[in-house]
Each structure stands twice: as C-alpha cells, then as structure tokens.
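Notes to accompany the following structure.
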Amino acid sequence: MFSFFKSKTEGGKEESRKSTKPKGHVFVCTTDREEGTHPCSSCAVRGGIDILDEFIFEINERNLFDEIVISGMDCAGPCSLGPNILVYPGGVMYSQVQKSDVKKIIESHLLDSNVEKYIMNDKSISDLIYWVTGKKL
C-alpha cells in the first residue's frame with residue numbers, strides 16, 4: 001500500500017509524492033530504569049539514547065529519512081548485553097553497540113546488505129523471546 005503526501009519544490013510549489021517502502025528500520029532500545037530496580041540495569045544507562053541520537057544524526061547527514069526509519073523501543077531482552085538494537089531487513093539484533101558502530105551498521109547492513117557479524121548478538125530471536133517470556137516458539 002502506498003500513501004501520498006505533499007511536499008514543496010524549490011520554487012515553493014506543492015507537489016504530491018508517492019511514499020515508498022523504507023529500505024530499513026532500526027529499533028534502538030532506550031529502556032531507562034531507575035538504578036537498582038533491575039539486576040541488569042538498562043540500555044539507556046549503557047548509552048542507548050546516545051546510540052539513537054547518533055542514528056538520527058547519521059541518517060540526517062546522509063538524507064536517508066525516506067529510506068531508513070529509526071525508532072526507540074522498550075526492552076529488547078538481553079539487558080546485560082546492551083545497548084541493543086534490532087535492524088530490519090533481517091531482524092538482526094546487535095548488542096553492545098557503540099556510537100562508533102552506527103556508521104558501519106548504516107553503510108554495511110542497511111545500504112549494502114552486509115550484516116556485521118562482529119557485533120551481532122549470537123542469540124536467535126526465538127532464544128531471546130524464550131529468555132524474556134519463558135515461552136518457546
């Protein structure tokens with residue numbers, strides 16, 4: 001399904017554009033827990049909000065907002081491995097992400113479709129769901 005929106009051209013004239021499916025979507029865990037309320041702390045304490053800001057900055061610098069969607073999310077599961085991000089396509093979870101990893105994830109995973117295994121969490125999504133919920137898929 002496509003949607004249409006209006007944008008202005010350089011001359012100020014409005015035109016309708018068709019929006020397309022984004023090339024990728026990045027979910028950054030920004031869970032922020034009060035210290036001492038969870039044994040593993042939270043991604044926000046480990047820099048999750050800074051990671052989200054860095055993705056927004058890099059996507060803006062490359063003018064990729066039409067191609068890559070960026071969202072904050074609640075707990076991704078393995079808090080002790082945070083900050084965690086989930087990247088589509090592929091449903092790949094990256095753990096212990098640093099600001100310096102953001103450019104490489106954008107360039108290699110989202111733009112070149114080359115998953116960066118050196119920072120990818122070694123747990124499958126079904127393992128993570130089991131870890132969080134106790135239920136197997």
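Structure notes:
- Within the range 32-56, the only residue that satisfies the criterion of being closer than 22 Å to Glu107 by Cβ and not in a helix (DSSP H, G or I) is Gly47.
- Strands (runs of 3 or more DSSP E) fully within the range 57-137 counting 3 or more residues that are at pLDDT below 90 and either in contact with a strand residue (DSSP E or B) (Cβ under 7 Å, 6 or more places away or on another chain) or under 19 Å from Thr31 (Cβ atoms) (or both): 92-94
- Which listed residue, of Ser100, Ser95, is closer than 14 Å to Gly47 by Cα and in contact with a Pro (Cβ under 9 Å, 6 or more places away or on another chain): Ser95
- Residue check for Glu54: within 12 Å of the chain's Cα centre (by Cα) and modelled with pLDDT of 95 or more: yes
The values are calculated or read from the model by the stated rules, or taken from the named source; none is laboratory data. Nothing here was measured: the structure is a model prediction, and the numbers come from that model. Note that each Cβ is placed from the backbone with ideal geometry, even for glycine, and that neighbours are counted across all protein chains shown.
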